[in-house]
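For reference, the structure discussed in these notes is given below.
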Amino acid sequence: MEQKELIEHIEKNFKYKKEIKVIDGKQFTITVEKDKVLNLLSFLKLIDFKQLALITAVDWIDEKKFEIVYILFSYSHIQQILVKTFVDRDNPQVETVKNLWDVASMYERDVHEFFGIDFIGNDDLRPLILHNWKDLPPLRKDFDSLKYSNKMFGKFKKDEEI
Amino acid sequence: MILSSTKELKDKGFEQILDFFRKKSLWMLHYCTGCGAVELPPTMTSRWDMERFGMGPMATPRQADLLLITGYLSVKSLKRVIYTYEQMQEPKWVIAFGSCPINGGIYYDSYSVINRLALYLPVDLSIEGCMPRPEAIIDGFTKLMKAIEKGEAVGYKKYKENYEWYKKNQREVLERTTPVL
């Protein structure tokens, strides 16, 4: 399907509240409510968006929200869809999608480690990349990376001797 | 064997002879963490031909003399580097490439990259640059050879003497139990 037909198809068949925005000829975004993400993703999987390319998050600290982005790709339509949803920053929880795509469990571990977002239903959220991490999740905007680095690894100037 | 007599080994003159031979046969283990790993193949192969200095790559840390830290080092790989360094047989030397192991380089504000390698391992030689060209690497190697011949490159002895200090620094980063901030 062309992008136009695809968007019409989604508008017609997915009845819940949504907002569709075209980025360019190959990709567009769909923003939905948090509890309708699973419905939308399984609907998109049925219309041949078989690949989950990435799950990631954006920290909107002023609006006190996390934006969770699911990037889907279809080899038959040659289209990319960015499914977006917003969760509360103080209590970031969202349903897991690991039952739709197995690979999602890894992406969710990653997002959980770097943003502290909980994925309900994913019981394997062990640390994945960081070593022995005890602080705030490092990709949150209120985490001061420079301060952490100076305190943890020391601050060095050019000619300083140990 | 002649070498088995420890009295002779302690003899300074004998050590000097050993150092002369050591500097002519350096086997390096390059721990490819960062971008410096890219500079090593041209240094090894025909264009700059490292082997004319008697240096060659070695597959296992137990038979290598040189540990090359080629670029930035994250906390996770620091742990592996320490394992590797402690497996190596004496005498052993550490060379740090580029500015990242000196003061963090462009990763000065990173939450996962260490700022100064010398806090955790004894660095015998730092090659400046981001990244150093093969000429700079060769230059650094010849400097290290001179230091070995003079008996000045004694990082591994420093590591043994100040073992507690190094271990304390390593534990602070690797086995922390409380948050930093």
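Coordinate-derived values only; no laboratory data. Remember, predicted model here, so these are calculated numbers, not experimental data. We place every Cβ from the backbone using ideal geometry, glycine too, and count neighbours over all the protein chains shown.
For segment B:13-174, what ratio Rg/Rh do Cα atoms give with a Kirkwood hydrodynamic radius? All intermediate terms of the calculation are to be shown ahead of the outcome.
Numbers: Rg = 15.1 Å, Rh = 15.9 Å.
Ratio of gyration radius to Kirkwood radius: 0.95.
Rounded to whole Å, give me the distance from the Cα center of segment B:118-134 to that of segment A:1-56.
50
Past the 32 Å Cα-Cα mark, which pairs from B:Lys12/B:Lys79; A:Lys155/B:Lys143; A:Lys98/A:Lys147; A:Lys134/A:Lys155; A:Lys151/B:Lys12?
Distance filter (> 32 Å) returns B:Lys12/B:Lys79; A:Lys98/A:Lys147; A:Lys151/B:Lys12.
Using only the Cα atoms of segment A:15-157, what semi-axes does the equivalent ellipsoid have when each is the square root of 5 times a gyration tensor eigenvalue? Give whole Å, largest first.
So the equivalent ellipsoid measures 31, 16, 15 Å along its semi-axes.
In Å³ and rounded to a whole number, note down the convex hull volume per residue for the Cα atoms of segment B:1-101.
Hull volume over Cα atoms, normalised by residue count, gives 124 Å³.
Ratio to report: Rg/Rh of the protein assembly as shown, with Cα atoms as the point set and Rh obtained by the Kirkwood method; give two decimals.
Values: Rg = 27.0 Å, Rh = 23.9 Å.
Rounded to two decimals, Rg/Rh equals 1.13.
Roughly speaking, what is the centre-to-centre gap between segment B:39-69 and segment A:112-129 when only Cα atoms are used, to the nearest Å?
Between the Cα centre of segment B:39-69 and that of segment A:112-129, the gap is 42 Å.
Taking the Cα-to-Cβ direction at B:Arg133 and at A:Lys15 and moving 7 Å from each Cα, how far apart do the two end points lie in nm?
With each label point 7 Å from Cα toward Cβ, the separation is 7.0 nm.
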